[in-house]
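Working notes for the structure below.
No lab work stands behind these numbers, since they all come straight from the coordinates. Here the structure is a predicted model, which is why all the values come from computation and not from measurement. A quick note on method: Cβ atoms are made from the backbone with ideal geometry, for glycine too, and the neighbour counts reach across all protein chains shown.
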Amino acid sequence: MVQISYRAAVARLASAQKSGAGQPAYLRWVNRPLGRRAAAVAAVLGLSPNAVTLLSGLCSLAALLVIALLPPTIAVALGATALLLAGYALDSADGQLARLTGTGSLAGEWLDHVVDAARLPLFHLAIAVHFFRWGDSYWLVGAALGYMVLSSVWFFAQTLAEKLGERGGDAPDAPAWMSFVKAPYDVGTVYLTVLALPFPTLFAALYLALLAFTLGVAALSLRRKYRMLAAQTRRATASAGG
């Protein structure tokens, strides 16, 4: 493998970036740039995309153990949030590293999706354990478990819709304000609520507000995907019949 400098790697990745239009604000303006720099560091160190994927998963797992097992102090909140956001940035870095080095593979993409499929549901499971151990309202445990199911179903529905034919990705003509509208269900936004862990009432309010928003958006998204796939089936049937 030809060695590349950090500066050259960042420049090459920056020139190959998608516009990000239509993507949630944190993902668009914070996580992708962080992922670009992490990918450049990984390239300099000679890491493979799969190694970055696994490192991303380990950062997330460490954060979840901290949230579930340690009391909600300010130090715990800061440490857990830093680990979560590092894992999220590395989740962006693995794909960018694969494009930079030309080492992308179906196996690597599969591994990335497996880690993603586990990451967010386990986050909400860790929050449920946190509420059980350190909270005084057990109905919040049920809310966190519901959020866990919602995140898993929505992730699977989005992934399967793409495989069945719905095109995803960035929307080049989407206005900038759409990124801010989508910010509440961005994974990065969800992770940032962990900063409020030492303040139980504030954390519960933020967490439940994101749950309500995400539930509404997910319901609309699932309805739209079903109708688009149904229309696609009708067009295919009509074309075959003609």
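The table that follows gives values for the structure above.
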{"item": "Karplus-derived HN-Hα couplings along the range 96-102 (A = 6.51, B = -1.76, C = 1.60, θ = phi - 60°), whole Hz, x at Gly and Pro", "result": "5, 5, 4, 5, 5, 9, x"}
{"item": "Rounded to the nearest 20 debye, dipole of the range 19-241 from Cβ charges on Lys, Arg, Asp, Glu", "result": "540"}
{"item": "Helix-only CD estimate at 222 nm, as mean residue ellipticity for the chain, using -39500 (n - 2.57) per DSSP H run (n ≥ 4)", "result": "-26000 deg cm²/dmol"}
{"item": "Per-pair calculated FRET efficiency, R0 = 25 Å: ILE74 and TYR138 via Cβ, rounded to 0.05", "result": "0.50"}
{"item": "Computed lengthening from LEU58 to LEU45, 0.36 nm per intervening residue step minus Cα-Cα distance", "result": "2.9 nm"}
{"item": "Highest-first arrangement of 124-133, 178-187, 215-224, 231-240, where packing means the average Cβ count within 10 Å", "result": "124-133, 178-187, 215-224, 231-240"}
{"item": "Separation of the LEU222 and THR237 label points, Cα + 7 Å toward Cβ, nm", "result": "2.3"}
{"item": "Mean-position separation - Cα centroids, the range 1-40 and the range 200-241, in angstrom", "result": "29"}
{"item": "Cα-projected label distance for VAL153 with ALA82, points at 7 Å along beta-carbon direction, nm", "result": "3.8"}
{"item": "Translational D in µm²/s for the chain (Stokes-Einstein at 10 °C, 1.306 mPa s, Kirkwood Rh from C-alpha pairs)", "result": "82"}
{"item": "Rounded, prolate or oblate (a/c below 1.5 giving rounded, otherwise prolate when a/b exceeds b/c) for the range 1-69 by Cα gyration tensor", "result": "oblate"}
